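These notes concern the structure reproduced below.
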Amino acid sequence: MDDIDVKKRVRTEKDHEYFESLDEVFNAYTWRALFALMNRGVVDEVLGSIAQGKEAKVVLARNKKGEEIVLKIYYTTTSTFIKSRYKYILGDPRFKNKKIKKDIIDIVETWCRKEFGNLSAAFKAGVKVPRPIAAEKNILAMEFVGEGGVPAPALYEVGVSGLDDPDEVFWEILRNIERAYIIGKLVHADLSEFNVLYVGGDIRIIDWGSAVKREHPLALEYLARDLGNVFRFFGVRIDGTKAAKVLAERARGEYYEDEEGWLIIGGKRLYELLGQL
């Protein structure tokens, strides 16, 4: 991967033409966002793309300390984003007065801030997520999860048989879903083996843009789907809807933590209750 060295360049908005010649995601609008992050000291060097999806491109960068970070850059020139995320926009008060067809850039910016806010809430709740750093227009900056510029694989790439301890990973995911729901008051709403990274025997849960507040009218449905996806991947015969109802009931009680990070509510840990389903 060839480095795009911006550290030694004069940082002006005219530089967006240079970035456009290297990567189509760096249009004038995105360059202005990147320029702002550089001036804030968040970004020092842009290294290159490491992943690409229908809604965003993930770019590797470095901060002023030389540490690798990730820039998730949402596309602003396609309607694919709106089509795929419309159901998560409906019912969210942050999008209440936005005109879907006319305010695409505004909606993308709001979504970026939404993901940053969700990621921050999850991180504060002790959920294993990449550390959020900053959000600027359509760019979300966060901790890089991987080694030597190579991103950590997702669970779907590793497979259950490739995990050092599948049982431990399974319960670690469940432990983090519960922390997000009870402490962070969030439901990921798009959780599957595609957005759980596996690094050093541990996990990091990514892609929090779709996450909804616990009070969202479809929160319980999304929680059941998240849980069902985890159970399916690990071959565990537990009904996602029943498990979601257990979590919803637990959210009504007071909690404290044991030394392993499990929440104890009514004298019970989550795994003790799920084992009865």
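Read-outs: derived from the displayed coordinates by stated rules, not from any lab. Every value quoted in this text rests on a predicted model; they were computed, and no experiment measured them. Glycine also receives a Cβ, built like all others from the backbone with ideal geometry; neighbour counts cover every protein chain displayed.
How much length is gained if the chain between V236 and D164 is pulled fully straight, taking 0.36 nm per residue apart and subtracting their Cα-Cα distance, in nm to one decimal? Extra length from V236 to D164 when fully extended: 24.2 nm.
Amide H contacts of G146: A152, each under 5 Å away and 5 or more positions distant or on a separate chain (H built 1.01 Å from N in the peptide plane; Pro and chain starts excluded).
So for segment 171-277, taking the charge dipole from beta-carbon charges (+1 Lys/Arg, -1 Asp/Glu), which of I173, F231, V246 sits furthest toward the positive end? Projecting each Cα onto the dipole axis, the largest value belongs to V246. For segment 195-255, the Cβ-based charge dipole about the Cα centre amounts to some 140 debye (Lys, Arg positive; Asp, Glu negative; other atoms uncharged).
Any idea what the dipole of segment 153-274 comes to, in debye rounded to 20, about its Cα centre with Lys/Arg Cβ at +1 and Asp/Glu Cβ at -1? Rounded to the nearest 20 debye, it is 640 debye. Cβ-Cβ distance of E260 and A36, R₀ of 35 Å, FRET efficiency by 1/(1 + (r/R0)^6): the value works out to about 0.25. Among the trypsin sites (Lys or Arg not before Pro) in segment 32-61, those located in a DSSP loop and surrounded by at most 15 other Cβ atoms within 10 Å of their own Cβ are R40, K54. Couplings 3J(HN,Hα) of segment 198-210, computed from phi: 10, 9, x, x, 10, 10, 9, 9, 10, 6, 9, x, 7 Hz, in residue order, whole Hz [Karplus 6.51 cos²θ - 1.76 cosθ + 1.60, θ = phi - 60°; x for Gly and Pro].
Take the cross-link list K65/K213; K137/K213; K54/K268; K72/K268 and give me the ones stretching past 30 Å between alpha-carbons. Going by Cα-Cα distance, K65/K213; K54/K268; K72/K268 fall outside the 30 Å limit. The modelled label-to-label distance between K268 and E249, using points 7 Å beyond Cα along the C-beta direction, is 0.5 nm.
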